[in-house]
Structure formats: C-alpha cells, structure tokens
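A quick write-up on the structure given underneath.
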Amino acid sequence: MKKIVVLVGSARKGGNTELLADAFVKGAQEHHEVAMIFAANVKVNGCIGCNACYSDEKHRCIQKDDMEQIYAQLKDADAIVIATPVYFYNVSSQLKCIIDRLHNPIRDEFKVKTLFLLTVAADTDPAVFDSIKVMYRSVLHYFHLKDGGMITVPGVKNRGDIIGNKALEEAYQLGETIE
Ligand SMILES: Cc1cc2nc3c(=O)[nH]c(=O)nc-3n(C[C@H](O)[C@H](O)[C@H](O)COP(=O)(O)O)c2cc1C
C-alpha cells in the first residue's frame with residue numbers, strides 16, 4: 001500500500017478540478033492510502049526567497065503558516081498528484097504558492113518517486129496545457145521522478161462542465177491501476 005497526496009489547486013468548491021481529482025482518488029483508494037490537500041482551504045504564503053531554510057539545521061521556514069503541516073504530509077508520500085485548473089497558462093496561484101515553498105532543502109527528505117498531473121481548462125485547444133506540461137516535465141527531470149500519468153481536460157469552463165466527460169473514468173482508472 002502506497003501513500004498518495006493529491007494537491008488540489010482550484011479555489012472553486014465542487015469545480016472541475018475537484019471532480020477530476022475525486023475520480024482519481026476513488027480509484028486510488030481501492031488499493032492505497034490517499035490524502036487530499038485543498039490549496040483554497042489552507043493559508044500558505046508565497047516564498048519570499050530569503051533562503052533562511054537553507055541555513056536552518058531543521059530547514060524551518062521563517063513564515064509560520066499551514067505549509068508546516070503540508071511539508072509533513074508530503075514527506076511521507078510515495079506519489080504526489082498535482083490537480084489544477086489552468087489559470088493564465090499556469091497552475092493556480094494558490095497551488096503555485098505551495099509549489100514555490102518547496103524551494104526548501106526539506107524536500108531532500110521526501111521519499112516521493114512518482115508524480116501525476118490532472119488539469120482542466122476552458123479553452124478547447126489542447127495547446128492551452130503546453131506551459132503546464134513543460135513545467136511538469138521539467139520537475140520530473142530535475143528531481144528524477146517518474147511520470148505516473150497525465151490527464152488534461154480542455155473545454156470545461158463552468159462548475160460541473162466536466163460531468164459526463166470520459167476524463168472522469170480515465171482518472172478513476174489511472175488511480176485504480178497504481179501499483
Ligand atoms: C483566474 C483564472 C484564469 C484562467 N485562465 C485560463 C486560461 O488561461 N485558459 C483557459 O482555458 N481557461 C482559463 N480559466 C478557466 C478555468 O481554467 C476553467 O474555468 C476551469 O474549469 C476551472 O476549474 P475549476 O472548476 O476546478 O475551478 C481561468 C479561470 C480563472 C478563474
């Protein structure tokens with residue numbers, strides 16, 4: 001049994017990202033322990049680049065916010081799932097704050113081996129995901145992580161637009177087949 005942490009980047013409750021992440025989680029929970037972190041429900045400031053965490057022996061961040069508990073959750077994860085809406089060709093700002101705070105040597109203590117990407121956008125042109133895919137692949141390469149799988153869902157704008165989309169079944173299958 002693996003530990004999987006899903007970072008849900010949307011601020012919209014019950015939105016397309018959350019529905020896609022839920023489908024993945026339902027599949028993954030068949031065999032694994034899964035935790036979801038909703039970026040909108042935590043208070044995480046952006047990284048201020050002071051690099052104090054590099055000189056602190058315990059790599060503590062000087063910003064005291066919910067990132068402390070997120071570091072603890074991510075540390076034990078075998079796999080991390082990035083679930084995000086496209087916001088101006090990137091991940092959501094709420095999720096970006098969490099990602100930027102991983103500019104901290106504490107990440108060297110993480111045991112994560114695999115990443116997944118689940119992402120949605122209003123645009124029907126699949127090229128809308130290009131910049132997120134570049135970021136995702138660069139992270140995989142830099143940290144020597146395995147790509148567990150990627151699901152991109154174009155053409156979903158309003159809350160619930162994703163309902164009935166085959167991507168929900170694909171997300172379930174992706175979660176369910178994690179070994
Ligand atoms: C701040 C903001 C920026 C967005 N930027 C884009 C964009 O660049 N391209 C796009 O196709 N959709 C964009 N969208 C639309 C969302 O990606 C789309 O509505 C998505 O379904 C939202 O997911 P959610 O329901 O999980 O919040 C943007 C939405 C917001 C709120």
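The values are calculated or read from the model by the stated rules, or taken from the named source; none is laboratory data. If you're wondering where the values come from, they're calculated on a predicted model, not measured in any experiment. So basically every Cβ, Gly included, is an ideal-geometry build from the backbone, and we count neighbours across all protein chains shown.
Considering only the stretch 137-153, I want to know if a residue exists there that is within 16 Å of the ligand (Cβ to nearest atom) and in contact (Cβ under 8 Å) with a residue 40 or more places away in the chain.
Yes - at least one qualifying residue is present in the stretch 137-153.
Can you tell me which residue within the stretch 46-81, out of those that are without any contact (Cβ under 8 Å) to a residue 60 or more places away in the chain, surrounded by 12 or more Cβ atoms within 10 Å (Cβ to Cβ) and of a type in the set (Gly, Ala, Ser), is farthest from residue 29 (Cα to Cα)?
Checking each candidate, the answer is 52.
Looking at 113, 58, can you tell me which residue is over 17 Å from the mean Cα position of the chain (by Cα) and farther than 17 Å from residue 8 by Cα?
58
So residue 132 passes all but one of these: (1) in a loop (DSSP other than H, G, I, E, B); (2) within 16 Å of the ligand (Cβ to nearest atom); (3) surrounded by 13 or more Cβ atoms within 10 Å (Cβ to Cβ). Which condition number does it fail?
(1)
Take the residues of the stretch 30-45 that are away from the ligand (no atom under 16 Å from the Cβ) and either within 20 Å of residue 70 (Cα to Cα) or modelled with pLDDT under 95 (or both): which is surrounded by the fewest Cβ atoms within 10 Å (Cβ to Cβ)?
43
Away from the ligand (no atom under 16 Å from the Cβ) and either of a type in the set (A, V, I, L, M, F, W, C) or touching an Asp or Glu at 6+ places or on another chain (Cβ under 6 Å) (or both) - does that describe any residue in the stretch 80-93?
So far as the stretch 80-93 goes, yes, one or more of its residues are away from the ligand (no atom under 16 Å from the Cβ) and either of a type in the set (A, V, I, L, M, F, W, C) or touching an Asp or Glu at 6+ places or on another chain (Cβ under 6 Å) (or both).
Could you go through the stretch 122-129 and let me know if any residue there is more than 10 Å from the ligand (Cβ to nearest atom) and in contact with a Leu (Cβ under 7 Å, 6 or more places away or on another chain).
For the stretch 122-129, residues more than 10 Å from the ligand (Cβ to nearest atom) and in contact with a Leu (Cβ under 7 Å, 6 or more places away or on another chain): absent.
Which one of these does residue 179 not meet: (1) more than 15 Å from residue 82 (Cβ to Cβ); (2) out of contact with any strand residue (DSSP E or B) (no Cβ under 9 Å at 6 or more places or on another chain); (3) outside any loop (DSSP other than H, G, I, E, B); (4) not polar (S, T, N, Q)?
The failed condition is (3).
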